[in-house]
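Visitor: There's a structure below that I have some questions on.
The values are calculated or read from the model by the stated rules, or taken from the named source; none is laboratory data. Here the structure is a predicted model, which is why all the values come from computation and not from measurement. So basically every Cβ, Gly included, is an ideal-geometry build from the backbone, and we count neighbours across all protein chains shown. Note: areas computed on protein heavy atoms with side chains; ligands, DNA, RNA excluded. Shrake-Rupley method; radii C 1.70, N 1.55, O 1.52, S 1.80 Å.
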Amino acid sequence: MSAESTPDPAIPGPGQSRTTRPGRRGKGRRRKPPGRRRKALLIAAWSAAGIVVLGGTGAGVVLFKLNGNLQSVDIDQVLGTDRPQKADDGSQNILVLGSDTRAGGNEKLGGGADDGTARSDTAMIVHVHKGHKKASVVSIPRDTLIDRPECTDTDGDEHPAANAVMFNSAYSTGGAACAVKTVESVSGLRMDHYLEVDFKGFQQLIDDLGGVDVTTTEAIKDPDSHLDLPAGTHTLDGEQALGLVRTRHGVGDGSDLGRIQLQQAFVKALVDQVKDIGLLGNPKKLYDIADTATKTVTTDSDLGSVNSLMSFATGLKGITPDSMHMVTMPVVYDPADPNRVLLEKAKADQVWTALKNDKPIPKSATEGTATGEAKGVVNAAE
């Protein structure tokens with residue numbers, strides 16, 4: 001299998017900021033030619049948070065309907081017992097994935113036709129530390145060349161191992177189960193849960209929330225994602241938020257790594273805002289968010305009910321943006337192809353060892369690695 005890249009289709013619509021002063025194009029070298037196809041949705045682990053407060057309403061009919069929205073995958077059954085051992089210290093590892101299927105209306109947002117295929121354009125390992133008051137988040141760049149293990153998909157079809165293929169090909173080859181097995185193979189960590197979200201649902205969820213407030217320290221102007229944000233504070237609607245987490249041009253070095261830094265900053269802004277949104281006083285808004293969230297996510301079978309999601313989300317309520325340490329898996333640019341990155345194994349091993357032992361990720365693990373040069377461009381609004 002080749003490590004060939006797939007173009008990124010542009011997002012339709014103007015996507016203009018609610019601020020009106022003109023912007024300038026961000027500076028920075030670009031490692032990749034203009035591409036168009038990204039959606040990268042990172043908020044699945046917290047999109048269930050809106051469901052939590054439903055537990056006290058006694059709305060059985062509502063819960064029944066929300067249960068009917070959920071889709072789940074029995075990853076444990078597919079992968080069997082040949083997996084890393086589960087931690088016994090109270091910590092958890094969750095693989096949060098953004099899939100780019102064109103089905104269900106996503107072809108309009110993502111561009112292109114529904115050809116029955118999908119890739120994982122964003123992947124994050126969310127390690128919830130013992131006590132569930134802190135989390136370490138490791139983003140895995142989609143352009144990382146990895147050795148993909150042999151895997152079986154949920155239909156029982158077997159797929160042979162492949163060397164030096166893009167990380168995001170694991171999902172397109174064997175779906176969620178293959179993506180989980182690949183992450184476990186690369187990291188040596190057992191994934192306790194799986195959460196996947198599509199970009200149509202992401203956009204609707206942000207609109208249901210009433211937008212997300214961010215501050216940009218420089219202008220971001222990317223015609224491919226139809227994003228035009230001058231420096232300053234903005235309330236991003238769903239379309240603008242989607243453009244932000246997909247953009248790579250006109251900010252940082254134009255690479256996927258710079259986009260990851262924008263995505264991580266947006267996640268923190270989103271988590272910060274969700275905690276202060278006051279859903280208990282607005283039942284309709286609460287229901288709309290819960291309805292969208294349950295339609296948006298695909299989970300592992302252990303989280304495949306509203307009650308399970310409620311319990312899971314309750315366990316994350318103590319995690320604040322300040323207690324989230326977000327890094328990118330240590331990589332370096334591939335000297336043979338600047339459009340690809342390679343795992344920096346020695347430093348990555350520091351990350352995996354820290355998480356395996358439920359310890360903070362040391363600063364030395366990411367020093368001297370490729371960054372994307374977009375850190376600090378987006379922050380939560382004050």
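Visitor: Those residues that are in a strand (DSSP E or B) and surrounded by fewer than 24 Cβ atoms within 10 Å (Cβ to Cβ), I need them from segment 213-242; list them, please.
Guide: Within segment 213-242, the subset in a strand (DSSP E or B) is 213-216, 220-222, 227-229, 232-236.
Passing the criteria: D213, T215, K221, D228, G232, T233, H234, T235.
Visitor: Being within 16 Å of Q264 (Cα to Cα) and outside any loop (DSSP other than H, G, I, E, B) is the filter; apply it to segment 365-382 and report the residue that is least open to solvent (accessible area, probe 1.4 Å).
Guide: My answer is V378.
Visitor: Still on this structure: Going through segment 229-261 one residue at a time, which ones are in contact with a helix residue (DSSP H, G or I) (Cβ under 9 Å, 6 or more places away or on another chain) and more than 23 Å from S99 (Cα to Cα)?
Guide: L229, H234, V251, G252
Visitor: Quick one: which residue in A177, A170, A161 is touching an Asp or Glu at 6+ places or on another chain (Cβ under 7 Å), touching a residue at least 24 places away in the same chain (Cβ under 8 Å) and small (G, A, S)? I'd like the intermediate steps shown before the answer.
Guide: Values: A170 fails: touching an Asp or Glu at 6+ places or on another chain (Cβ under 7 Å); A161 fails: touching a residue at least 24 places away in the same chain (Cβ under 8 Å).
The unique qualifying residue is A177.
Visitor: Pull up segment 305-339, narrow it to residues that are small (G, A, S) and either modelled with pLDDT under 85 or surrounded by fewer than 18 Cβ atoms within 10 Å (Cβ to Cβ) (or both), then point me to the one that is nearest to K359 (Cα to Cα).
Guide: Selected residue: S323.
Visitor: Here's something else I'd like to know. Of everything in segment 340-364 that's part of a strand (DSSP E or B) and in contact with a helix residue (DSSP H, G or I) (Cβ under 9 Å, 6 or more places away or on another chain), which residue is surrounded by the most Cβ atoms within 10 Å (Cβ to Cβ)?
Guide: Once the filter is applied, the top-ranked residue is V341.
Visitor: Any idea how many residues of segment 201-229 are at pLDDT 90 or above, among the hydroxyl-bearing types (S, T, Y) and out of contact with any Pro (no Cβ under 8 Å at 6 or more places or on another chain)?
Guide: Within segment 201-229, residues that are at pLDDT 90 or above, among the hydroxyl-bearing types (S, T, Y) and out of contact with any Pro (no Cβ under 8 Å at 6 or more places or on another chain) number 2.
Visitor: Which residue pairs have Cβ atoms closer than 8 Å, lie 6 or more positions apart in sequence or on different chains, and pair a first residue in segment 273-289 that is modelled with pLDDT of 75 or more with a second residue that is among the charged types (D, E, K, R)?
Guide: These pairs meet every condition: Q273/D213; K285/D208; D288/D208; I289/D208.
Visitor: For segment 202-212, give me the residue count where each residue is open to solvent by less than 40 Å² (accessible area, probe 1.4 Å) and in contact with a strand residue (DSSP E or B) (Cβ under 9 Å, 6 or more places away or on another chain).
Guide: Final tally of qualifying residues: 5.
Visitor: Residues in segment 248-255: is at least one assigned to a loop (DSSP other than H, G, I, E, B), open to solvent by 20 Å² or more (accessible area, probe 1.4 Å) and modelled with pLDDT under 90?
Guide: Here is the first cut: in segment 248-255, the ones assigned to a loop (DSSP other than H, G, I, E, B) are 248-255.
Next cut, open to solvent by 20 Å² or more (accessible area, probe 1.4 Å) only: none.
Within segment 248-255, not a single residue is assigned to a loop (DSSP other than H, G, I, E, B), open to solvent by 20 Å² or more (accessible area, probe 1.4 Å) and modelled with pLDDT under 90.
Visitor: Could you tell me whether segment 256-272 includes any residue that is part of a loop (DSSP other than H, G, I, E, B) and surrounded by 24 or more Cβ atoms within 10 Å (Cβ to Cβ)?
Guide: Scanning segment 256-272 turns up no residue that is part of a loop (DSSP other than H, G, I, E, B) and surrounded by 24 or more Cβ atoms within 10 Å (Cβ to Cβ).
Visitor: So which residues in segment 295-337 are free of Cβ contacts under 8 Å to residues at least 40 places away in the same chain and of a type in the set (S, T, Y)?
Guide: S308, S311
Visitor: Return the residues of segment 349-365 that are touching a Pro at 6+ places or on another chain (Cβ under 8 Å) and touching a residue at least 60 places away in the same chain (Cβ under 8 Å); say none if nothing qualifies.
Guide: Scanning segment 349-365 gives V351, A354.
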